[in-house]
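Student: Just dropping this structure here.
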Amino acid sequence: MEQPGRRGAAFTRAGMARGARAALAITLALAPFGLVIGVVSDARGLSLLETWLMSGLVFAGTSQLVALELWTEPAPILGATLAALVINLRMAPMGAALAPVLDRLHGWRLWGTLATLVDNAFALTIAEIRAGRRDAGFLLGAGLVMWANWMVMVTLGHVFAALVRLPPGHPVFFAAAATLLALLVPIWRGRSDLLPWAAAGVVALAAHGAGLGAPWPVLAGACAGAALGAARDLRGGARARRR
């Protein structure tokens, strides 16, 4: 099951096993978040099957929780979809950063690995790349372990939701905002990020102050920050070429 790739990349059973072992050490951190998703899904009226389908196919806790927080009757399909899209846009640069191990993969190896890509598996794999190991099996092994843990925790949260009914505004529902803030830490690259991040925050707050409901403040802020960040990178690339 070894598939050599460009720059020495591979896909091996040994890599999958190593990734699975590495993921076991950090999956406990995902457990409370999975329980919250299960509890909130039950509170929004989703059946266990619907919760399984959402969690198994989407496998993105922050976007799931934001979509659930927007959930009303009838369900705001467009708003929830846009909110999930904006939040998960961070996966695009992750995929680019993982090119050394994903290049030349095809079929289930590629799509299975991308389908189970989450922040923690990404961080573990980047550490592997920096250590000189380029085995895409590592990423899939880590992702599968985290996916299995996620499904178990979501199931437990849904099944036992009646025992932990939480009132609206309970601190546990701060999980979405707390997770988003935590995601900023590993992607901060220094003072050069300050302007686009500040612009994103200001535009999002302005949209919220103008009375726009979710997900429009998030979408407006993300677009503003992304535009400034892209302009900054283009200017930096032009200066580098002139040198």
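Each value in this text was obtained by applying a stated rule to the coordinates, not by laboratory testing. Worth saying up front: this structure is predicted, and the values here are computed from it rather than measured. Positions of Cβ are backbone-derived with ideal geometry, glycine not excepted, and every protein chain shown enters the neighbour counts.
Student: Could you check the simple spin-label distance between Leu234 and Val159, using points 7 Å along Cα→Cβ, in nm with one decimal?
Tutor: Going by the 7 Å Cα→Cβ label model, 5.3 nm.
Student: Further, regarding this structure: Gain in length, Asp193 to Leu78, computed as 0.36 nm per residue apart minus the alpha-carbon separation, to one decimal in nm?
Tutor: Additional length available on full extension: 38.4 nm.
Student: I need the peptides 59-66, 16-23 ranked by packing, meaning the mean over residues of other C-beta atoms within 10 angstrom, with the highest value on top.
Tutor: Values: 59-66: 22.1, 16-23: 19.6.
Per-residue mean Cβ counts within 10 Å order the peptides as 59-66, 16-23.
Student: Can you tell me the FRET efficiency between Arg13 and Ala97 if r is taken as the Cβ-Cβ distance and R0 is 30 Å, rounded to the nearest 0.05?
Tutor: That gives a FRET efficiency of 0.80.
Student: Under the rule a/c < 1.5 gives rounded, and otherwise a/b versus b/c splits prolate from oblate, where does the stretch 101-145 land using the Cα gyration tensor?
Tutor: oblate
Student: Another question, if that's okay. Using the beta-carbon distance between Ala210 and Val58 and R0 = 30 Å, what value does 1/(1 + (r/R0)^6) give for FRET efficiency, to the nearest 0.05?
Tutor: 0.50
Student: Calculate the spin-label point distance for Leu110 paired with Leu28, positioning each point 7 Å from the Cα along the beta-carbon direction, and give it in nanometres.
Tutor: 3.8 nm
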